[in-house]
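Engineer: The structure follows.
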Amino acid sequence: PGRQSLTARLDEWRRKRIIPQANWYPRRVYAERLKRAGFTGVEVRDVTAEVLEANAEFVRNRCAELLLDPRFRAFKHKSAIRWHLRLTELRAASRGYVIASAAKPHDGQ
């Protein structure tokens, strides 16, 4: 709302529609929440480079190919390709991606 950029509004919409707001918090909080819930062997591993940065690299290369493809000469095609690249780059630069694992101890029953 208000003065947010279109990119920020689209990203906010995506977050609310795809990932529940309750699941958006800093990486360190994942481990704290799992431990408070009684989990043991908690491990939260940052895989941003392997996921978001690797995806951005793939999208960068693929978009470069598409922009040279004569089938995508129209302005609307080129704009869509550039927009997709821009959103991907923004996500890679501003987000983290983790894999969290933990074990729930048995309560003896």
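Engineer: Could you tell me the accessible area of residue 87 in Å² (1.4 Å probe, neighbours in place), rounded to the nearest ten?
Structural biologist: 30 Å²
Engineer: Further question on the same structure: For the chain, set up a Gaussian network in which alpha carbons nearer than 10 Å are linked by springs, and say which option among 18, 99, 81 fluctuates the most.
Structural biologist: Its mean-square fluctuation being the largest, the pick is 18.
Engineer: Taking the range 13-109, which chymotrypsin sites (Phe, Trp or Tyr not before Pro) meet the DSSP loop condition and have no more than 10 other C-beta atoms within 10 Å?
Structural biologist: Passing sites in the range 13-109 do not exist.
Engineer: Which whole-number percent is the relative contact order of the chain (Cα, under 8 Å, 6+ apart)?
Structural biologist: Relative contact order here is 39 percent.
Engineer: Mean residue ellipticity at 222 nm from the helices of the chain, using -39,500 (n - 2.57) per DSSP H segment of n ≥ 4 over the full residue count, to the nearest 500 deg cm²/dmol?
Structural biologist: -17500 deg cm²/dmol
Engineer: List the trypsin sites (Lys or Arg not before Pro) within the range 22-98 that DSSP assigns to loop and that have no more than 14 neighbouring Cβ atoms inside 10 Å.
Structural biologist: For trypsin sites (Lys or Arg not before Pro) across the range 22-98 that sit outside H, G, I, E and B with at most 14 neighbouring Cβ atoms in 10 Å, the list reads 73, 95.
Engineer: Want the number for residue 90 to residue 13: 0.36 nm per residue separation, take away the alpha-carbon distance, what's left?
Structural biologist: 26.2 nm
Engineer: How would 84, 106 line up by accessible area, probe 1.4 Å, largest first?
Structural biologist: Solvent-accessible surface, decreasing: 106, 84.
Engineer: Could you sort 98, 59 by accessible area so the largest value comes first, with the probe set to 1.4 Å?
Structural biologist: The residues order as 98, 59, largest area first.
Engineer: At 0.36 nm per residue, minus the direct Cα-Cα distance, what do residue 50 and residue 69 gain on full extension? Give it in nm, one decimal, please.
Structural biologist: 4.0 nm is the gain from fully extending residue 50 to residue 69.
Engineer: Now a separate question. Subtract the Cα-Cα distance of residue 40 and residue 99 from 0.36 nm times their separation in residues, and report this length gain in nm to one decimal.
Structural biologist: 19.7 nm
The values are calculated or read from the model by the stated rules, or taken from the named source; none is laboratory data. No experiment lies behind these values; they were computed from the predicted model shown. All Cβ positions, glycine included, derive from the backbone under ideal geometry; neighbour counts span all protein chains shown. What goes into the accessible areas is simple: the full protein's heavy atoms, side chains included, and nothing from ligands, DNA or RNA. Shrake-Rupley method; radii C 1.70, N 1.55, O 1.52, S 1.80 Å.
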